[in-house]
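Worksheet: the structure to be examined is printed underneath.
The values are calculated or read from the model by the stated rules, or taken from the named source; none is laboratory data. Everything numeric in this text was worked out from a predicted model, so none of it was measured. Methodologically, a virtual Cβ is constructed for each residue, glycine included, from the backbone with ideal geometry; neighbour enumeration extends over all protein chains shown. The area values use the complete protein model at the heavy-atom level, side chains included, leaving out ligands, DNA and RNA. Shrake-Rupley method; radii C 1.70, N 1.55, O 1.52, S 1.80 Å.
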Amino acid sequence: GNLTGVTTVVAGGIMAKSLDLLHQVVPKATRIGMLVNPTNEVHRTRVPLEIPDAARQLGFQIVTVEARTADEIEPAINAAVGKGAEALFIQGDPVFNNPPARMPQIVARTGLPAIYFLRTQAQAGGLM
């Protein structure tokens, strides 16, 4: 048969694990900036189900910032920094992922560690 679709939505899955990995890299961080696209259905449905419990267990306070377009990314990241984010959690979204090097370049200007959804963003200079 043909593979017609792939999902990354696993209950208690990838988002919680990503937060855990970020915690292992920056264990003293308490405030995490999380970039989401409010028009992304996965962000709207899975983030509220996975992130609050995982953040609480890890001792994180999540500062959520939103970007719907490429032009909104840098102001959103800067808003997270302005709200005291000590690390960044970049959710996967076509707006955030293309081109792969854009997001790591924006984040590098903040000097904060960040975890990305795609390996290509780590390969383009992001931390992980």
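Observations, loosely collected:
- Area accessible to solvent at GLU66, 1.4 Å probe radius, in Å²: 90 Å²
- Proximal charge balance of ARG44 [Cβ under 14 Å; K/R count +1, D/E count -1]: -2
- Evaluating 6.51 cos²θ - 1.76 cosθ + 1.60 at θ = phi - 60° for every residue in segment 71-77, the Karplus couplings come out as 5, 8, 5, 4, x, 5, 4 Hz, glycine and proline recorded as x.
- Environment charge of GLU66, counting only residues whose C-beta is closer than 14 Å and scoring Lys/Arg +1, Asp/Glu -1: -1
- Global form of segment 28-116, assessed from the alpha-carbon gyration tensor, a/c cut-off 1.5: oblate
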